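This report concerns only the one structure given below.
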Amino acid sequence: MIKKILKHPIIARLTKLSSSLAQRTQTWNFRALWLQLSLSVILLAMISFSIDSWNIYSDLCEEHQQKLKVGQVHPSDTPPISIALAQTLGALIVALGLSISLYNQRKRKVSSIRRSRSTQLVLWIAAIGVLVAWLPTDYTTNFRSVLVSRIGEDPSVVAYLGKLFLIATLILSFPLMARLHFRSSIMDQYVVRTFLLPFTFTLIGFIAIWLISDLTNNGPDFVSAKASLGTILEFYLIQLPQVILFVLPVTLLLSLLYALSRMSASNELISMLGAGRSMMRILRPLFIIGLYASLICLVFKYDWAPRSEGSKVALLQAVRDGSFQEDNQGNSKKRKKKKSARWSKLGWMYVNPVDRRTWFVGRVPLDFTRKTMGSVAIWQFDKEQNLLTSWRGNSATWFFGNRTWKLYRGKTYTYGPDGIPKIQSWESMEIPGWRETPWKVVSASLNPEHMGIPGLTTYLRTNADYDRKQLAPYRTNWWYCWAEPLSCLVMVLVSAPLGIVYSRRGVLGGVAASIFIFASMYLLRGTFLAFGQNGQLPPFIAAWATNFIFAIIGAMLLYYRSQNRQPPTIKSILNGSYFRKLFNLSSA
């Protein structure tokens, strides 16, 4: 019966096709396929961005022509075309790299050296294309606001240039790491492959767990608000840097334990040591991976990850308020503009003791460059703290050119000696001469954990007159933005010696010790940061103490493991036997 089924023409045809496909897949270069797939995704994204830029440029040109007819703008003030041109040129360069990769894929008999050179060339072309598309765009969009204070802050040009340098370094690091990989020895490549497989599955698993958990919590809000698919994708994409920053250290820990314990169980490490390689030489590619992971985390922590947390809260609040809805045809509708519907804080009080004014801002904007605050109330007092005048507006805007505040759709309450106010309504009102700026009014409402290096630097420069305790949370988080990414390298230092096992005892002891060390790191880090934010520890020590402590522990464990000696146990340290043995060895 089975033979008759297999001899059926359709089944026989399918069997022949499957065997032919299996033979072809054996000759496929899966590394080249992954590279081409990645470049295709990058190219599609860049094409989408360039099309949007050309549409925006077209709209700006039409608006400029309309203003030119009524004399509102000068003929030379044309909209910049550099962003659209840069993104188009970058997409063309990436397309060139993809074309070279596809052309080389057609060649069957190619040596490994030529294949590696071709891969490096394609990566360099793609990296240059991304830089060409990104650098002019970021420069045109943000550099002018960094040079000129538009909302009363003191921006830092060095912090902005540091952001550009780090992102450019990350983009160029991909072809550099590929060059380092192809020039490394066979042993190094094998260690890297053994590590990358569990690392990839662990990282994807953690991100999937986070995504399922977050959808369980926030999914009902998206359903009730009828949010579009684009809004949901944006909500999770802006959180991705923060999630990767959080899960990358524990991913490194588990992946290293698995890879090194597997190599220990199969006696591969002993074989490498027997071939004359030292333990440090075997682990060198893993240390490079830990340093590279620290670079990735530093780029995320510098600005993207802290702001992503604030953007997530603002976007979720906008969804809950009904700013994003869909009509019956599935098209996304917005009650307000996308930017204006997002607020970093609802309700904030600011007191100006010098001019005796008190501000209440009902809606603090997420993007300060918009300079518009919602639901503003201002009270003016005299020297005896008697209320003289109050202004209440639906919104308020500050014009940096003449340093004038403008309130919209509100009322003025003027109080006489009897305390009865005179009310005057207005559509708009200008108030010049006040020393308050939008940054001064609402910057203290910013959460330091939602600010990166540029924002924290700007805050500390602008509010340098505050006392030490007020600035302690911001100074501590400024140092922590540099310290947290290095925890990836510290995690490699700690987990690498614990994953190597020479005895029959197995890796269970190393796993238990790694879990204990990982939990201790997070406990000590939170404790030190709390002390630093309260002003009880210097900011530098509060941010870096955890890394210093566990880097020393990891270096000691690595030393004992490289000498094939058991590290001291907690019991031997407590009863003093370890120190007596160390003293005897040193005296001998």
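Throughout, read-outs are computed from the coordinates displayed, never taken from laboratory work. Just so it is clear, the structure is predicted and the values come from calculations on it, not from any experiment. Neighbour counts run over all protein chains shown; Cβ positions are idealised from the backbone, glycine included.
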*Could you order peptides 272-280, 540-548 by the average number of other Cβ atoms within 10 Å of their residues, highest first?*
540-548, 272-280
*Using a basic spin-label model with each label point 7 Å from the Cα along Cα→Cβ, how many nm lie between residue 536 and residue 520?*
2.1
*Starting from the Cα of residue 38, step 7 Å toward the Cβ, then list every residue of the stretch 295-319 with an amide N under 20 Å from that point.*
295-301
_Estimated FRET transfer efficiency (residue 183, residue 271; beta-carbon r; R0 25 Å; 0.05)_ = 0.60
*Fewest Cβ neighbours within 10 Å first, please rank 281, 193, 357, 115 accordingly.*
193, 281, 115, 357
*asked:* Can you compute 3J(HN,Hα) from phi for each residue in the stretch 478-490, using the Karplus curve 6.51 cos²θ - 1.76 cosθ + 1.60 with θ = phi - 60°, rounded to whole Hz and x for Gly and Pro?
replied: 5, 5, 5, 4, 8, 7, 4, x, 6, 5, 5, 5, 5
*Of the listed peptides 477-484, 159-166, what is their order by residue-averaged count of other C-beta atoms within 10 Å, with the highest listed first?*
477-484, 159-166
_Segment residue 552-residue 68, extension gain: residue separation times 0.36 nm, minus the distance between their alpha carbons_ = 167.6 nm
*Going by C-beta contacts inside 10 Å, put 63, 427 in order with the fewest on the left.*
427, 63
